[in-house]
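The values are calculated or read from the model by the stated rules, or taken from the named source; none is laboratory data. What you see is a predicted model, and the numbers here were worked out from it, not measured in a lab. Here the Cβ is made from the backbone with ideal geometry for all residues, glycine too, and neighbour counts use every protein chain on show. In case anyone asks, the SASA skips ligands and DNA or RNA and just uses the protein heavy atoms, side chains included. Shrake-Rupley method; radii C 1.70, N 1.55, O 1.52, S 1.80 Å.
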Amino acid sequence: QVHLVESGGGLVQPGGSLRLSCAASGFTFSMYVMSWYRQAPGKERELVASITSTGGNTNYADSVKGRFTISRDNAKNTVYLQMNSLKPEDMAVYYCNARRGLSHAWGQGTQVTVSS
């Protein structure tokens, strides 16, 4: 059974940093593209960053380029999202996603609040 559990969300001031983690189980993690999405109230879920199965390639939304870094540790079945220079517009629920072909799964999400 595929299981994704996000952690690391919380309240941070503008300009601050957070690191999100997503622990995976129930599937061969190293074969899946892993991504972080986010959804703010009243908005559609959007792709934030993705990383290929080996970690060799990453992709970022323009809005987070230069501030966020996605990484993965296949030995620990975990994907991370380092978020620096956070802005109020980054506030959202962040979701972890695992994808391989037509197969995909979602975590339950973790709230990130950016406020002074």
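Of note:
- For the range 98-109, Karplus couplings with θ = phi - 60° (6.51, -1.76, 1.60), whole Hz, Gly/Pro x: 10, 9, 8, x, 8, 8, 8, 8, 10, x, 8, x
- FRET efficiency for S116 and M31, using Cβ-Cβ distance with R0 set to 30 Å, rounded to 0.05: 0.10
- The chain - percent of accessible surface contributed by carbon and sulfur, probe 1.4 Å: 47
- Amide H partners (placed H, <5 Å) of K87, local residues excluded: G15
- Considered as an equivalent ellipsoid built on the Cα gyration tensor, the range 35-116 has semi-axes of 21, 15, 11 Å, the largest given first.
- All lysines inside 29 Å of K87 as judged from Cα atoms, apart from same-chain residues fewer than 8 positions distant: K43, K65
- In Å, descending, principal axis extents of the Cα set of the range 1-46: 37, 23, 16
- Here S17 sits with roughly 60 square angstrom of accessible surface, probe radius 1.4 Å.
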